[in-house]
Amino acid sequence: MDYNKRLRELRIKNGYTQQQIAFILHTRQEQYSKYESGKRELPIKHLITLCCLYRASADYILGIEKFIGKK
């Protein structure tokens, strides 16, 4: 799963609108929408904020937890 899809999934699961998340990230809804659609890369400072908000690891949000521990 691409991380942009995971962002949308987590937002909806936690009952937030794009506008609410944009407010938390101190950005505009249009900008946040671009993160979810994959048109813009998510800045690391936003990733950290979302990890805290959703109580999820960066590995989970980025979809790389499946690669951890594999050689």
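Any idea which residue in segment 17-69 is modelled with the lowest pLDDT, counting only those that are over 14 Å from L7 (Cβ atoms) and among the aromatic types (F, W, Y)? Of everything passing the filter in segment 17-69, F67 is modelled with the lowest pLDDT. Residues in segment 15-27 that are open to solvent by 50 Å² or more (accessible area, probe 1.4 Å) and touching a helix residue (DSSP H, G or I) at 6+ places or on another chain (Cβ under 6 Å): 1 in all.
Look at T49 and say whether it is more than 8 Å from the chain's Cα centre (by Cα) and surrounded by 14 or more Cβ atoms within 10 Å (Cβ to Cβ). Reasoning before the result, please.
Details: more than 8 Å from the chain's Cα centre (by Cα): yes; surrounded by 14 or more Cβ atoms within 10 Å (Cβ to Cβ): yes.
It is true that T49 is more than 8 Å from the chain's Cα centre (by Cα) and surrounded by 14 or more Cβ atoms within 10 Å (Cβ to Cβ).
The values are calculated or read from the model by the stated rules, or taken from the named source; none is laboratory data. As the structure is a prediction and not an experimental result, all values here were calculated from the model. A quick note on method: Cβ atoms are made from the backbone with ideal geometry, for glycine too, and the neighbour counts reach across all protein chains shown. What goes into the accessible areas is simple: the full protein's heavy atoms, side chains included, and nothing from ligands, DNA or RNA. Shrake-Rupley method; radii C 1.70, N 1.55, O 1.52, S 1.80 Å.
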